[in-house]
1. I'd like the full set of residues that are of a type in the set (Ser, Thr, Tyr) and more than 20 Å from B:Ala380 (Cα to Cα), limited to the stretch B:27-74.
2. Would the stretch B:316-325 turn up any residue that is touching an Asp or Glu at 6+ places or on another chain (Cβ under 9 Å), assigned to a helix (DSSP H, G or I) and farther than 24 Å from B:Ser203 by Cβ?
3. Starting from the stretch A:96-114, take each residue that is facing another protein chain (nearest Cβ under 9 Å) and list its partners that are surrounded by 14 or more Cβ atoms within 10 Å (Cβ to Cβ) and small (Gly, Ala, Ser), counting only C-beta distances under 7 angstrom and pairs at least six apart or across chains.
4. Residues that are within 14 Å of chain A (Cβ to nearest Cβ), hydrophobic (A, V, I, L, M, F, W, C) and either surrounded by fewer than 18 Cβ atoms within 10 Å (Cβ to Cβ) or without any contact (Cβ under 8 Å) to a residue 24 or more places away in the chain (or both): does the stretch B:294-301 have at least one?
5. Of everything in the stretch B:169-225, what is part of a helix (DSSP H, G or I), over 19 Å from the mean Cα position of the chain (by Cα) and surrounded by fewer than 20 Cβ atoms within 10 Å (Cβ to Cβ)? Give them in sequence order.
6. Modelled with pLDDT under 85 and either loosely packed, with under 12 Cβ neighbours inside 10 Å or closer than 30 Å to A:Gly79 by Cβ (or both): which single residue out of A:Glu112, A:Glu168 fits that description?
7. Can you name every residue in the stretch B:302-315 that is surrounded by 13 or more Cβ atoms within 10 Å (Cβ to Cβ) and without any contact (Cβ under 8 Å) to a residue 24 or more places away in the chain?
Amino acid sequence: MSNPTSHAPSAPKLFGILAEFGSPADVHSAAKKIRDAGYKKWDVHSPFPIHGIETAMGLGDSKLGWIAFFCACAGAFGGFSMQFWIHKYAYPLLIGGKPMIAYPAYVPVTFEPGILFTALGCILGMLILNGLPRLYHPTFKSENFKKFSDNGFFVTIETKDPLFKNVEATRSFLQSIGARNIEVLED
Amino acid sequence: MVEAQDILRLNEKLQKGRIYLLGAGILGAVLCAVTYFQSSRNFFASYLTAYCFFAALSLGSLFFVMVQHLARSAWSVTVRRIAETMAFNSVILAVLFIPLLFGTHDIFTWTHADIRATDHLVQIKSAYLNLPFLYIRAALYFVVWIGLSSFFLMTSRKQDQTREESLTTKMGRAAAGGMILYALSQTFFAFDWMMSLDSHWFSTMFGVYFFAGSIVATYASLIIISTVLKATGHVSKSVNVEHYHDMGKLLFGHNVFWTYIAFSQFFLIWYANIPEEVTFFEARSIGSWKIISLLLPWCHFAIPFLYLMSHNVKRNRPALTLGATWLLTMCLIDIYWIIQPNFYPAGAHFGLADIAAFVAIGGFCGFFFLRNLGQASLVATGDPRLEQCLSYDNGIPE
């Protein structure tokens, strides 16, 4: 055991610090202070969506819009080229006296895969961006955290945060912005 | 409160602007007279085009006002007065309608005695397509439009003074019944003055098509007028980026709705390929009309669709105003494309009469609009939802 870093499976790795706040308004104003202090790896946990919390946390635009846009383009392009390919090469068939390549007739089938791909892309993209499905999270170890789905408003600051120097400094920062029931979470 | 920090009365600059608009209207009217004596048929083609465009703005505004009351919407309180005033333009539109009554022979082929004597379809439709009934219907439309628009404008102005909440309830109730009257009058106006130009052709979607275009034009003009008001120093706080974002969303959404209706109308007719239906698109694929027919899906739909998609554009006042101006122009081209192929079957025609009629009707409508806008506050200050409107937030992180 000369090298403690390479042989320390029993030493608990820290995930971060869990802090409770009294109300949605408290956690909202605390989020602004944490944002302004410059923390990056942290999160707010609430039983319901808090209006304006994205701005208070300093979250930027979601990337989901771009995922939806590219899925829509891919779906529409796929739907259109499938029909074009079928009518031009695979199975040319004269329908109702229309031209072989009758663009107006392709619009509904171009639209539908566009919508389908967008919907699927949004759901999958949302799951991936949220890191879901995730069956374990360090906050589950906290008895107090069970309130998060009822009447508890929590903030976690991860040790991975560049501003996280040590437990005591972060703890006193959280206390200074009105946190209570501060716990240290192990990974 | 909003009054303390915001200019809600038209200032000198715009008060003066209405004199220029009146001048433009008179100048346009003189030019109209000149072109009328050159060719009355060409003149009425242009006059009807310009008339339907400004009627669309007024009708779309009436719809906007009523739908805001029906939805009990709070976000729109500070821009509703603009729409109320624009809807009240139905009064000046009733006056500007008078020349059309003298142009029925030039406008409608179904009024011609020889056609009525020989054309079987016109004979079948004669219970509806006859001049006395056309005049009665037109009178009914104006009763509905003037009645509804003056009720909403006057009640809203009264609320500025009294701040009675009961007036909001009253307007909400009136909007429910008014919406049905609006839908019928707007649809049959489109049937009478646009669809019956080709007395053989019919489309059950035509009323919705005109409505869809008019509501796009209304959102576009709301954005443009708000920008003009802000650029001249008005409503700097009461109309903010959140309201622009919402107007942009609705402009975007309703433009997609227009596309859906326009395409559905085209698609069903194109696919079925029945002679009496297909004439409308056949006539619009001749000569230079084909260019406009191909331009509309790209310039009325595809380009604005991509342009207005991002919320960064909707929240940027100059960028959104540019998009709105573009779409308003497209709405005018759309109405031109509906009406004028009936007069110039060989290809698109543009002349002095088009400019004269647009300047005349636009000038008088603009004058009347600014006159009424100057008579009261620019914002419905007595509305109980005003505070909610001012603190409205789309929740977009800056």
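1. B:Thr35, B:Tyr36, B:Ser39, B:Ser40, B:Ser46, B:Tyr47, B:Thr49, B:Tyr51
2. No.
3. These pairs meet every condition: A:Lys98/A:Ala105.
4. Checking the stretch B:294-301: at least one residue is within 14 Å of chain A (Cβ to nearest Cβ), hydrophobic (A, V, I, L, M, F, W, C) and either surrounded by fewer than 18 Cβ atoms within 10 Å (Cβ to Cβ) or without any contact (Cβ under 8 Å) to a residue 24 or more places away in the chain (or both).
5. B:Thr169, B:Lys170, B:Gly172, B:Arg173, B:Ala174, B:Ala176, B:Gly177
6. After applying the criteria, what remains is A:Glu168.
7. Result: B:Ile303, B:Tyr307, B:Ser310.
Conditions (1) more than 23 Å from A:Pro138 (Cβ to Cβ); (2) part of a helix (DSSP H, G or I); (3) away from every other protein chain (no Cβ under 14 Å), marked per residue:
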residue: A:Gly16; (1), (2), (3): no, no, yes
residue: A:Ala25; (1), (2), (3): yes, yes, yes
residue: A:His28; (1), (2), (3): yes, yes, no
residue: A:His51; (1), (2), (3): yes, no, no
residue: A:Gly60; (1), (2), (3): yes, no, no
residue: A:Trp85; (1), (2), (3): yes, yes, yes
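The values are calculated or read from the model by the stated rules, or taken from the named source; none is laboratory data. Given the structure is predicted, the values throughout are model-derived calculations rather than measurements. Counting neighbours? That spans all protein chains shown, and the Cβs are built from the backbone with ideal geometry, glycine included.
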